[in-house]
1. What are the ³J(HN,Hα) values, in whole Hz, obtained from phi via the Karplus relation 6.51 cos²θ - 1.76 cosθ + 1.60 with θ = phi - 60°, for each residue of the stretch 186-192 in sequence order, with x given for Gly and Pro?
2. Between Asp167 and Ile136, what FRET efficiency follows from the Cβ-Cβ distance if R0 is 25 Å, with the result rounded to 0.05?
3. Choose one answer from Lys22, Lys82, Lys34: the residue with the largest mean-square fluctuation in a GNM of the chain with alpha-carbon springs under 10 Å.
4. Would you mind checking the radius of gyration and Dmax of the stretch 124-254 based on alpha-carbon positions, in Å?
5. What distance in nm separates the two pseudo spin-label positions at Glu119 and Ile272, each 7 Å out from Cα along the beta-carbon direction?
6. Which one, Asp14, Asp116, Asp167, has the greatest fluctuation when you compute a Gaussian network model over the chain with C-alpha springs under 10 angstrom?
7. Apply the Karplus parameterisation 6.51 cos²θ - 1.76 cosθ + 1.60, with θ equal to phi minus 60°, to every residue of the stretch 229-235 and state each ³J(HN,Hα) to the nearest whole Hz, in sequence, with x for glycine and proline.
8. May I ask you to sort Ser153, Ser53, Ser168 by Cβ crowding, counting other Cβ atoms within 10 Å and putting the fewest first?
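Derivation of every value follows stated rules applied to the coordinates shown; laboratory data play no part. Model, not experiment: these values are computed from the prediction. Ideal geometry is used to build each Cβ from the backbone, glycine not excepted, and the neighbour counts take in all protein chains shown.
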Amino acid sequence: MEISFTKMQGCGNDFIFLDCLKKDIPNLGAIAGKLCDRRFGIGADQLLTIHPSKVADFKMEIYNADGSQVEMCGNGIRCFAKYVYDHGITQKRELEVETLAGIIRPRMVGELVEVDMGEPILEGRKIPVDADGQIINRPLTVDDATYQVTCVSMGNPHCVLYLDAIDSLDLEKIGPRFEHHPFFPKRVNTEFVKIVSPKEVRMRVWERGAGETWACGTGASAVGVAGAITDRTEREVTIHVKGGDLLIDWRDNNRVYMTGGAEEVFHGMVKIN
């Protein structure tokens with residue numbers, strides 16, 4: 001079977017889009033593994049699929065490169081909004097999108113997309129981590145080294161830690177150690193952050209099921225919250241990631257807003273068995 005696809009990217013976090021509005025495509029997890037492969041497939045961090053919704057304008061499903069399904073993707077939902085608008089699927093510039101993390105509201109702002117990422121979850125068992133209460137500057141031992149970690153859920157679990165030398169980190173080695181640490185019952189996305197100023201940080205990210213990616217919107221949102229609750233940064237902060245910049249604003253209404261770009265890379269046809 002041949003299907004059409006669109007490749008998109010947000011700050012270098014890249015996605016394959018499949019339109020399932022009129023026809024379901026079976027075995028999306030297995031298809032994700034094949035299409036996201038960077039040597040034998042199209043190549044992407046995740047597969048995103050577009051579906052009808054009974055509670056929102058659209059439903060978005062997210063599949064990692066390893067075939068696992070996840071709750072939310074901040075860069076992905078910006079690309080989602082750009083895709084459905086640019087392809088004439090909707091004329092709305094502000095959308096409601098159903099995800100496993102709830103209804104997310106992206107809004108076109110000029111050439112950028114602002115996303116209401118919702119309220120952060122700070123209660124340990126709800127993130128989830130294997131502890132009660134808030135996890136703020138908590139010691140966590142990984143491979144005989146102890147790190148001070150702050151944990152936040154933005155619909156998916158994040159572990160944020162602050163280091164000076166993030167460029168020299170071997171994320172291929174240390175990333176999986178955090179992802180599969182027993183402290184995180186549903187695995188975890190890990191953000192390694194260097195403070196530049198109270199308004200500016202640099203971030204590398206290891207995403208569960210995807211590995212190191214060039215950007216992570218929910219991760220950047222978690223970093224914005226973690227920086228504020230640990231008094232390292234202000235509530236509005238620019239996050240520099242490998243693929244560009246994301247503006248995070250944790251407003252007084254307790255909702256986190258993320259603004260960044262989204263671009264179409266190319267369109268094509270692919271054969272799936």
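1. Result, ordered by residue: 10, 6, 7, 8, 10, 10, 9 Hz.
2. Working: r = 26 Å, r/R0 = 1.03.
Efficiency, from the Cβ-Cβ distance: 0.45.
3. Lys22
4. 13.4, 40
5. In this crude label model, Glu119 to Ile272 measures out at 3.7 nm.
6. Asp167
7. 6, 9, 6, 8, 9, 7, 6
8. Ranking Ser153, Ser53, Ser168 by Cβ neighbours within 10 Å, fewest first, gives Ser168, Ser53, Ser153.
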